[in-house]
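Structure first, then comments.
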Amino acid sequence: MNQELAGSITELVVGVALAYSLLLSIGLTGYIGYKPHRASFKANNYELVIVSKANEKVQRSLIESIKYHVSRFGHVTLVVDEGAPLLNTLRYFKGVKLIVVPSNYRRDLMGKGRALNYFVEHFVSPDKWYVFIDDDNLILDDSFLYEIPYYEANGFVAGNGILLPRPGKSKMAYAMDWIRYIDDLTLYRFFTGLLGKPLIGLHGELLIVKGAVLKEIGFNNRSLTEDFRFAIELVKRKYKTWQSNTRISIKSPNSIRDLMIQRGRWFKGLISDIKYSPTPMKLIVGFRSFAWVLNSIISIMFFPVLIYLGLVWYILPGSLYYFASYTYGVIRSKEPYLFFLIPIFGFIEASSRIYGLIEVSDFIVIDKN
């Protein structure tokens, strides 16, 4: 290997290693330093909202979510498109306020963002809080209801829960999905919670927002990732956020293909929308996204070269974070053989981002049954 190439590889590896050391420090600070506050009483000025395509791909998970939340909270608002395949079935559920988005409404918008914008324009009250969940979500506790009064009194306008995967049909996808839980306890906890600024975005699952801010911002922009675009607007306006102690159960993809489609859409949406964000957000999101891909590619494709150059120690911080996260996912999956496939997990995640950039151009609903 010539000296110039070796020097270039060394600079790249050291740069990525330093990036990951910084990210790990930030994540550890969030994990240790943040704990959400709560009042002594529950909020009653809230509305629980499910937005769904309401088609055959989500039928079982949607019905499960409706029944679960009506039983637990007594009510739920369901927003679906006109002509949705399950529309007639959904009309007869008790405890459900059904809102139908007209087919001629804002065709310039897409997917969930279009339905959300219709709901905000026509049904949101400034003095209420709105709790948005996806059609596969199950809210596991009511901590967020005790938190809303405290954070409302202290000028906060939005919050997010902690994602907790539950198994789909693919054990591998389920094991991989636990990285989202670990990220929530570290990086998201630091930015959304400790810092009070969602500089790496927000989840659409258990997105808690004050009605007045919803009316001000809305979901007026065409986006594959409406939750990330909404976070951009919160940051631009210097609004404060918190991370709730509430866990929200999310259904893991039923196949690796679905996982790649899902991750690909997120990445394509993020890359498409990041240009609208303030400079600090551009730097943090871009830095995190591309450093992750580079770390995965370097670790997998150039491992023998790293050994030859004596650079393996530099990639350990980032590699250990993801190795530990995936190992935790394997333990939760109760499938020990997946431990030997962990090196492939990073390759799949990195490949999904490339797939998203090339193939994804519209809002895609994966199979959640």
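The values are calculated or read from the model by the stated rules, or taken from the named source; none is laboratory data. Computed from a predicted model, the values in this text were never measured in an experiment. Counting neighbours? That spans all protein chains shown, and the Cβs are built from the backbone with ideal geometry, glycine included. Just the protein is used for accessible areas: all its heavy atoms, side chains included, with ligands, DNA and RNA removed. Shrake-Rupley method; radii C 1.70, N 1.55, O 1.52, S 1.80 Å.
Details
- 16 Å tail of the calculated P(r), segment 71-147, as % of Cα pairs: 58
- Note on segment 161-232: Kirkwood hydrodynamic radius from all Cα pairs is 13.7 Å, rounded to one decimal.
- Our compactness index for segment 131-261, the C-alpha radius of gyration over the empirical 2.2 N^0.38 Å, is 1.05.
- Over 18 Å between alpha carbons, listed pairs Lys67/Lys97; Lys197/Lys236; Lys238/Lys268; Lys197/Lys238; Lys35/Lys282; Lys67/Lys251: Lys238/Lys268; Lys35/Lys282
- Shape of segment 72-217, Cα gyration tensor, a/c cut at 1.5: oblate
- Note on Lys42: lysines with a C-alpha under 17 Å away, same-chain residues under 8 apart excluded, are Lys128, Lys210.
- Segment Asp127-Ser255, length gained on full extension (0.36 nm per residue, minus Cα span): 41.9 nm
- Fraction of accessible area attributable to carbon and sulfur, segment 106-159 (%, probe 1.4 Å): 49
- Taking Lys and Arg as +1 and Asp and Glu as -1, the other residues whose beta-carbon sits under 11 Å from that of Ala39 total 0.
- Beta bridges by DSSP in segment 36-255, antiparallel share as percent, to the nearest 5: 30
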